[in-house]
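To start, the structure itself, in structure tokens.
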Amino acid sequence: MAEGKKSGARAAFIRSVVFVFAVLGVYIYIAEVITDISGQAHRGSVATGVGPEMGREIFFGKGKCSTCHSLGGQGSAVRCPNLGATAGADPPFDIPIIERAALRAKQRSEKTGQPYTATDYIIESHFDPGAYVVEGYKNEMPVIWKPPIGLNADEEMAVDMFLQAEGGSADAAAITNSPVFAKLKAGLATLTSEPAGEAFKPYLAGDPAKGELIFFDPDSPTPCAKCHTVKGQGGKVGPELTNVAGSRTPQFIIQSVLEPSADIASGFEPFLIQTNDEEFISGIKKGEDAESFELMDDQGEVRKIAKADIAKLVPQKISIMPGNFREILTMEQFHDLIAFLLTLT
Amino acid sequence: MNYAQGVRKEGWWRSSAATFLWALLLALIAVPVLAATDGTVIRDEYRTFMGIGSRQVIWFVAEVHLMFGAFVLGVPIFAVTLEAIGAKTKDVRYDNLAHEFVKLLSAAFSTTAALGGLLAFSLFGLYPKFMAYMSNVFHDVFYVYALLFFAESFTLYLYYYTWDTMQKHKWAHVWLGVLLNVWGIILMGLANSWAGFMMSPVAIDPETNAFTGTVSQAIQTPLWHPINVHRLLGNIAFGGFIGGAYAAVRYLGAETEKDKAHYDWMGYISNFIGVAGLIPLPFAGYWMGREVYSVSSVMGNNMMGGAFSWTFILQAVLVGTLFIGSNYYLWVGMGRIPGAERYKGSIKFIEAILLICFGIWLTPHNLPLNPEEQLLLGGQYHPTFKFLGLMSAKNAVINFIILSTFFSFLLYRRGNKHDGIPFSRQGSKAKIVLCSVGAICLLVLGWYGNFLYHADPAMFDLPADRAKYFKVPAGLLFLQMAMVVVAIGLTFINKGKLGQALYLGVGVFSIVFVLGVYGFTIMKVANPLLRNIAFTQWSMMMTCLLLVSTIDVYLFAGAKEYGDIQWGKMPAYSQYILILLCMAIVLNIGLMGFIRSGLREDWHIYGVLRDTSPWAFTPTNATMAKMVSACLVAFLGIVSFVFWLTGLSKHEEGGGSGAEETHVVKGPVKGPIPVAGIAVGAHHRSADNLSQGLGVHRSDRGM
């Protein structure tokens, strides 16, 4: 009788365990499906070059703009004003954001007595979101160039260009010439500056013209343009440096040249892949989908590797940028290069 | 002292010694780290454990520890409640059940402590820089935490091992259980303060990111109480559903009718406790979400409309499983209640409501999609259905789900009853209680209605002309106040059922159909007011639960029965529902932990200490599901092992199942029927009923 009790309890326990694993299987399957249809598994492409395309990625990604703002028919967020033109909506939400911005800029000028362009207004809404809140909406937008979002000047510019392009055309010059953008860059510089008393003083006064040659000349000891773009010229392996001095301190730039692994730019983290054939491939992740992984090597070549062929995928702490510039460059060359980089505001 | 007592004493020392050792180890590892913060530079920011990333290790250990923590903190709350019900009503069934729960608790406690030690080791070893920062802020709290751990463990063992010896001083023993809960809640609060600080740090120097405040400030961050309340309720639900699964497995393996009856009843009570904890949880969650949003709109938006929006779809699947599963279990249970067939027709309507609400709750909210992803989804949002994913729709349906579940309980409760004694013939106590409950409802509704009616729109950053939008929710609150008076008046003239129907009907109409739809208008023209609409819905819904259940108690007081509930006559598949509910709550606790922790994204301490490890990214939902499933397997595996060990000890004592440790009482016993978390009213049972193994007295166990 006691044996019978024991075996009954054991059978019940085993049936329960089988049930638990069956339910877990269903749960994991649902999670896989959700991951797939939400696009979570496909995220990872990185737009390079400051422009509307990069701005769109930031709008729907790192900047988290789309969690509050819809864009016309895209998205259902209603917490903050829709930034697209919505047919049939109450004015002014039926016209594109760039036209709406022009109207708001006019009102803003009348209110403050200061001249405002549509671009100024768009930039101000990022620099100081509480300055001129749209009626009916709460003053709750975060300052996106500060933590935790912390967009840099390039990313800010890209978002501005993206919004300009919504119903108009992107105008980089209007942004760089905007006094509000200058304020924003100054704010960013303060944010990333070293504590007082440690102002940057170069050991030697470098020559920016010579530095530019070092940067772009393919025969120079460190042809930086092979990987970095400045004003439309150069490769896309590393981050764009067109406005690097506007968003980074001199100390940070020097550290990035001499110790590239100390602080790897977001979106340029290196990965090491070990294939099933024991091949090791390193590079920067450029994209990923359900079947494959895209890696760009230090020559700028993108290689697609099937996930089925990957034995191991390991994030790396060492940047693919060479870390031996202090041995390659002379003291003068180094200061020339830094002087050139510091002109990129 | 006999053998069984010897075994118990030995067990007590073993458990106490284990707890002591773990607390000592915790203190030992804390000391060098605390010393390090006084001057030693901690160079290594991150380490790995045998090639496994630091995040995976911490995720797994912390999650399993939290699951055990939830169990050992949740169970004492309802164990002592059950014990108090037993003491008050002299119904020994509740005392037996409370003791059985506490027996599981004492076995699980040492495991929780051991896992806590492992978590502390892992954190200090794998995240030295982060832990140095946290130690710098909280080192005083660590010592208090360790001391409280002693207090809780000794109180627990005192509570458990004096169960028999203090039978003559039952209320003193109940207060010992209350003390155990006090320690447990303070312990939980201290641990929550660390999580709260990581999400909403205060007193931080903006230049150096150093903490400049006091320990008290570090504890009382804006998210501390929302996390406390959410976890407290979650722990009750968690403990209830775990107890339900335990009862289910024992039921499935039970060979005798007596055992089946015992574990069937235990399963029912456990499910009741689970649902009682579950019902207020969505609102505690809403409060917490609102506070998260107030701390950082970035975190708040990321939660519901950003990276975690699809995780909430998965959460909706789990919460839907909990509500639909609980209802289904009740409906199946009505099969063993003579007379309950009268309500069979209503069940299909409740089922339809639950499924429709579940579907709406599953509708995705805002999604951060790029064009490629939109192509993958097959285009833009549906012009109509996209609104079902918005907060207003979700608030409406969760209220409807809760009210429908409550309605299921009402049907279940009155399943085998004829009408009771007319209210007008009941004593003055009934009238005082009903009027008092009515007064509470009037106070809550009146206070909030008055606030909304006179609220200045500027408080919500809204222009003055939006004041008119405040009047609708205020008006509905005033209408519900009128219905309180009507429902009580009808009950006084012996038309309580009509009073209940009117109160529930008007409540559902206002909460779901008026405010649910009106919420969309509010979102468009006065968005900040939406949270007040949600609170209006919640307060009205809570008064529905309170007033209608109170009326119900007196409607069926002294009612004759169609027949006795046939405990132990549940079909086997019903027990798998209890196991499913247990899994759903365990998976849910893991999922919600993922969201809460993931909201910090690449910050250990939000906006202060950045996570610079290679693992500073948000894993996919698929990864989360696999990790949480692994935690579930580990948790349930260890729990099963611990419960098996408990069973071994019982066999040594010469006992059988919980039911076998008791003997049947000859004679009627008055017992309470739990309704909405309170035990009220008297319920007559016959000796035949008790012979099902329910009305039982504990024998002199182990003597």
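A count restricted to the range B:63-97 and to residues that are closer than 30 Å to residue B:628 by Cα and touching a residue at least 60 places away in the same chain (Cβ under 8 Å) stands at 16.
Evaluate the range B:542-560: report whether one residue or more is facing another protein chain (nearest Cβ under 9 Å), among the charged types (D, E, K, R) and in a loop (DSSP other than H, G, I, E, B). Looking through the range B:542-560, none of the residues is facing another protein chain (nearest Cβ under 9 Å), among the charged types (D, E, K, R) and in a loop (DSSP other than H, G, I, E, B).
Tell me which of these residue B:568 doesn't satisfy, since it passes every other one: (1) on the phi > 0 side of the Ramachandran plot; (2) of a type outside the set (Asp, Glu); (3) at the interface with chain A (Cβ under 9 Å from one of its Cβ atoms). Evaluating residue B:568 over (1) on the phi > 0 side of the Ramachandran plot; (2) of a type outside the set (Asp, Glu); (3) at the interface with chain A (Cβ under 9 Å from one of its Cβ atoms) leaves (3) as the failure. Considered as a group, the residues in the range A:131-141 that are at pLDDT 85 or above and at the interface with chain B (Cβ under 10 Å from one of its Cβ atoms) include one that is farthest from residue A:104 (Cα to Cα), and that residue is A:141. Pairs meeting the criteria (first residue in the range A:212-232 and over 22 Å from residue A:323 (Cβ atoms), second residue surrounded by fewer than 16 Cβ atoms within 10 Å (Cβ to Cβ), beta carbons under 8 Å, at least 6 apart or on different chains) are A:232/A:49.
Quickly run through the range B:497-531 and pick out the residues that are in a helix (DSSP H, G or I), within 13 Å of chain A (Cβ to nearest Cβ) and either touching a residue at least 24 places away in the same chain (Cβ under 8 Å) or touching a Phe, Trp or Tyr at 6+ places or on another chain (Cβ under 6 Å) (or both). Hits for the range B:497-531 are B:519, B:520, B:521, B:522, B:523, B:525, B:528, B:529, B:530, B:531. Only one entry of B:646, B:612, B:618, B:623 meets the criterion of being of a type outside the set (D, E, K, R), outside any helix (DSSP H, G or I) and under 27 Å from residue B:69 (Cα atoms), and that entry is B:618. With respect to the conditions (1) surrounded by 19 or more Cβ atoms within 10 Å (Cβ to Cβ); (2) under 21 Å from residue A:30 (Cβ atoms); (3) at pLDDT 90 or above, residue B:367 falls short on a single one, namely (3). So, in the range B:290-315, exactly how many residues are in a helix (DSSP H, G or I), crowded, with 21+ Cβ neighbours inside 10 Å and of a type in the set (Gly, Ala, Ser)? Looking only at that region, the number is 1.
Residue-wise test of (1) part of a helix (DSSP H, G or I); (2) out of contact with any Asp or Glu (no Cβ under 8 Å at 6 or more places or on another chain); (3) away from chain A (no Cβ under 14 Å).
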position: B:180; (1), (2), (3): yes, no, yes
position: B:196; (1), (2), (3): yes, yes, yes
position: B:228; (1), (2), (3): yes, yes, yes
position: B:252; (1), (2), (3): yes, yes, no
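Taking the conditions (1) closer than 23 Å to residue B:530 by Cβ; (2) of a type in the set (A, V, I, L, M); (3) at pLDDT 85 or above in turn, residue A:77 satisfies each one other than (3). Of the residues screened, residue B:276 is one that is of a type in the set (A, V, I, L, M, F, W, C), more than 30 Å from residue A:58 (Cβ to Cβ) and surrounded by fewer than 23 Cβ atoms within 10 Å (Cβ to Cβ).
Only one entry in A:334, A:325, A:280, A:252 is among the aromatic types (Phe, Trp, Tyr), away from chain B (no Cβ under 14 Å) and free of Cβ contacts under 8 Å to residues at least 40 places away in the same chain, namely A:280.
Condition check ((1) modelled with pLDDT under 90; (2) among the hydrophobic types (A, V, I, L, M, F, W, C); (3) under 30 Å from residue B:618 (Cα atoms); (4) assigned to a loop (DSSP other than H, G, I, E, B)) across all residues:
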site	(1), (2), (3), (4)
B:39	yes, no, no, yes
B:70	no, yes, yes, no
B:83	no, no, no, no
B:100	yes, no, no, no
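Within the range A:169-183, is even one residue at pLDDT below 90 and on the phi > 0 side of the Ramachandran plot? Checked the range A:169-183: no residue is at pLDDT below 90 and on the phi > 0 side of the Ramachandran plot. Provide a single number: the residues in the range A:283-302 that are of a type in the set (A, V, I, L, M, F, W, C), touching a residue at least 24 places away in the same chain (Cβ under 8 Å) and part of a strand (DSSP E or B). The total comes to 3. Restricting attention to the range B:420-440, the residues being in contact with a Gly (Cβ under 7 Å, 6 or more places away or on another chain), in a loop (DSSP other than H, G, I, E, B) and closer than 16 Å to residue B:499 by Cα number 1.
Only residues that are part of a loop (DSSP other than H, G, I, E, B) and either away from chain B (no Cβ under 14 Å) or aliphatic (A, V, I, L, M) (or both) were counted in the range A:142-163, giving 5. Scanning the range A:54-76 for residues that are small (Gly, Ala, Ser) and part of a helix (DSSP H, G or I) yields a count of 2.
The values are calculated or read from the model by the stated rules, or taken from the named source; none is laboratory data. Nothing here was measured: the structure is a model prediction, and the numbers come from that model. As a convention, Cβ positions derive from the backbone with ideal geometry for all residues, glycine included, and neighbour counts pool all protein chains shown.
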